[in-house]
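Peer 1: Mind having a look at this structure? Questions to follow.
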Amino acid sequence: MSDRPFDFSEFTRGGESGGSGTSQRGPSVDGDLAQFAEFGVSHSGNDADTTAGSPSSLAVVGPPLRLLASAAGAAVVGALVALFATGRPALAVIAWLLAGPAAFGLLGFYVLKDSRLRARAIYAAPTWDRTAYWATVVLLLGAVALSAVRIADWVGRW
């Protein structure tokens, strides 16, 4: 190496040595760039796409509407059971369990899974998605209230 601090003559093209007197070959610009002939493809056989994820990570996803329908279905079943639970406290409690914890639990799973799916690359929800969500919430609240009234009616007569 040379005595001068900014002497880069040993790294000249083709390994020519400047004033340092050494015959060390520096990095060749032509040889180093030849391995990057195509953008995104290495010569080791791996494509750049394999590091970014599989093509399925770019699939179009939507909201988990089955969970939303399941929550609404549990609320409807709970409301129907509550309608026929007059004088039967066990049925009123079953209706409350269906319309309350079960249906709201399914709605919670819907929100959780929907949030995860919204974080994906391509998310496409139908235009009626939010309306269906809020209609399900109102249905759940009505079914819980109906079953709670049946339970309260039974407790009041006890």
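Peer 1: Quick check: is even one residue across the range 132-142 loosely packed, with under 15 Cβ neighbours inside 10 Å, outside any strand (DSSP E or B) and in contact with a strand residue (DSSP E or B) (Cβ under 7 Å, 6 or more places away or on another chain)?
Peer 2: Looking through the range 132-142, none of the residues is loosely packed, with under 15 Cβ neighbours inside 10 Å, outside any strand (DSSP E or B) and in contact with a strand residue (DSSP E or B) (Cβ under 7 Å, 6 or more places away or on another chain).
Peer 1: With the range 21-127 as the region, which helices (runs of 4 or more DSSP H) entirely inside it contain at least 1 residues that are β-branched (Val, Ile, Thr) and modelled with pLDDT of 90 or more?
Peer 2: 65-83, 89-97, 103-118
The values are calculated or read from the model by the stated rules, or taken from the named source; none is laboratory data. These numbers come from a predicted model, not from an experiment. Ideal geometry is used to build each Cβ from the backbone, glycine not excepted, and the neighbour counts take in all protein chains shown.
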